[in-house]
1. Just to be sure I understand, how many residues within segment 98-122 are in contact with a helix residue (DSSP H, G or I) (Cβ under 7 Å, 6 or more places away or on another chain) and farther than 14 Å from K55 by Cα?
2. Would you please name the residue that is nearest to E106 (Cα to Cα), looking only at residues in segment 1-59 that are surrounded by 10 or more Cβ atoms within 10 Å (Cβ to Cβ), of a type in the set (D, E) and at pLDDT below 55?
3. Find the residue count for segment 101-140, including only residues that are in contact (Cβ under 8 Å) with a residue 40 or more places away in the chain and either surrounded by 13 or more Cβ atoms within 10 Å (Cβ to Cβ) or in a helix (DSSP H, G or I) (or both).
4. Mind checking which residues of segment 97-126 are of a type in the set (S, T, Y) and under 27 Å from A65 (Cα atoms)?
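The values are calculated or read from the model by the stated rules, or taken from the named source; none is laboratory data. From a predicted model like this one, the values you see are computed outputs, not experimental measurements. Ideal geometry is used to build each Cβ from the backbone, glycine not excepted, and the neighbour counts take in all protein chains shown.
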Amino acid sequence: MDDYNKPTSETPYGQPEGGAATAARMKLSEKAAEVKEKVADFTRKTVDNIDESRKSTAGALDQTAVKLHSGGDQLSGVAQTAADQISGVAHRTADKLQAAAEYIRETDLKGMGEDLKGIVKRYPGPALAAAAVLGFIVARAVRRD
């Protein structure tokens, strides 16, 4: 009955102390390292994809701006008063698109996040409304798929 006083190297279930537990811990640690590596790889790929899409988005905005400038010039030649107003709107819109394209081209994802944070702090009400609308749109899109 003095079994409790004798130091043994076995667990209460008859397995050597540390054998199965150590193996399980090592396996768990390996799996955790694999998951961590997969998450890091996924994150890298996602950031690379976003960076690549920034370039194509900026190019598309530039092309749209050029077409708007061209269309605005054509309208300007056709009729003076109404066309001049429409032409002005087209040129201002094209300028804004070019500015957006330049911003997208020049600003990395971290900078965009910081800029967005500043806008949300300055305009919390509209930012909350925009987030709600965006959430609704994303939820509808996900539900359809």
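1. Number satisfying all stated conditions: 2.
2. For segment 1-59, the residue satisfying everything is E17.
3. We begin by selecting, within segment 101-140, every residue in contact (Cβ under 8 Å) with a residue 40 or more places away in the chain; these are 101-102, 104-105, 108-109.
Cutting the leftovers down to either surrounded by 13 or more Cβ atoms within 10 Å (Cβ to Cβ) or in a helix (DSSP H, G or I) (or both) gives us 101-102, 104-105, 109.
Selection size over segment 101-140: 5.
4. The initial filter retains those residues of segment 97-126 that are of a type in the set (S, T, Y), namely 103, 107, 123.
Hits for segment 97-126 are Y103, T107.
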